[in-house]
1. If I filter segment 16-39 for residues that are over 30 Å from residue 156 (Cβ atoms), modelled with pLDDT of 75 or more, assigned to a loop (DSSP other than H, G, I, E, B) and not hydrophobic (A, V, I, L, M, F, W, C), do I get at least one hit?
2. Check every one of the strands (runs of 3 or more DSSP E) wholly within segment 74-144 and list those with 2 or more residues that are touching a residue at least 40 places away in the same chain (Cβ under 8 Å).
3. What about residue 154, is it modelled with pLDDT under 90 and either exposed (fewer than 15 other Cβ atoms within 10 Å of the Cβ) or touching a strand residue (DSSP E or B) at 6+ places or on another chain (Cβ under 6 Å) (or both)?
4. Quick one: is residue 163 part of a strand (DSSP E or B), surrounded by fewer than 16 Cβ atoms within 10 Å (Cβ to Cβ) and modelled with pLDDT of 85 or more?
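The values are calculated or read from the model by the stated rules, or taken from the named source; none is laboratory data. None of the values given here were measured: they were computed from a predicted structure. For neighbour counting, all protein chains shown are included, and Cβ atoms are generated from backbone atoms with ideal geometry for every residue, glycine included.
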Amino acid sequence: MIARKLHCGLLLVAVTLLGACSSDMDELQQYIAQVKARKSTKIDPIPQIKQYEAFAYVAGDRREPFTPSVPESARNGEGVRPDMSRNREPLEEFPLDALKMVGLIDYNKIVYALVRAPDGVIHRVSVGNYIGQNFGKITRISESEISLDEIVPDGFGGFKEQPASLAADQK
């Protein structure tokens with residue numbers, strides 16, 4: 001008896017749920033009719049692929065395309081070179097951006113700059129001294145900066161000279 005009541009209850013719930021789903025397809029059929037009524041646009045044709053034309057490289061007086069062009073000075077071992085035989089100065093063990101110019105001294109008509117190293121030690125340098133890891137030779141000292149010329153690798157086995165500067169610390 002309980003099973004029969006349970007069976008009837010489930011049947012009633014199923015009929016109610018199916019009744020809630022209407023078979024009204026009018027909206028869907030109307031949308032399909034609208035889509036079909038739209039005017040179609042013309043699709044561009046697929047572009048034709050051009051035939052590949054091979055290129056024959058004739059060197060003539062052109063350089064070899066797969067070998068790097070090396071400056072004449074690097075090939076001959078000429079040009080700027082760092083002096084590896086001289087004794088290195090204390091400030092050459094630090095990169096230039098780690099050094100700070102903290103002061104200026106004018107003593108006996110010689111201008112000295114005070115440079116603080118990352119280890120906290122203050123060094124006195126003048127024109128002709130070397131600082132930084134790229135063989136930077138000091139060329140000029142002013143109140144606002146130390147100007148120097150560095151010797152850096154040029155990427156072709158040689159070296160080139162480039163200007164650099166160390167600005168005064170603004171603290």
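1. Yes; the residues of segment 16-39 include at least one that is over 30 Å from residue 156 (Cβ atoms), modelled with pLDDT of 75 or more, assigned to a loop (DSSP other than H, G, I, E, B) and not hydrophobic (A, V, I, L, M, F, W, C).
2. 100-107, 110-116
3. When the stated conditions are applied, residue 154 passes them.
4. Answer is yes for this residue.
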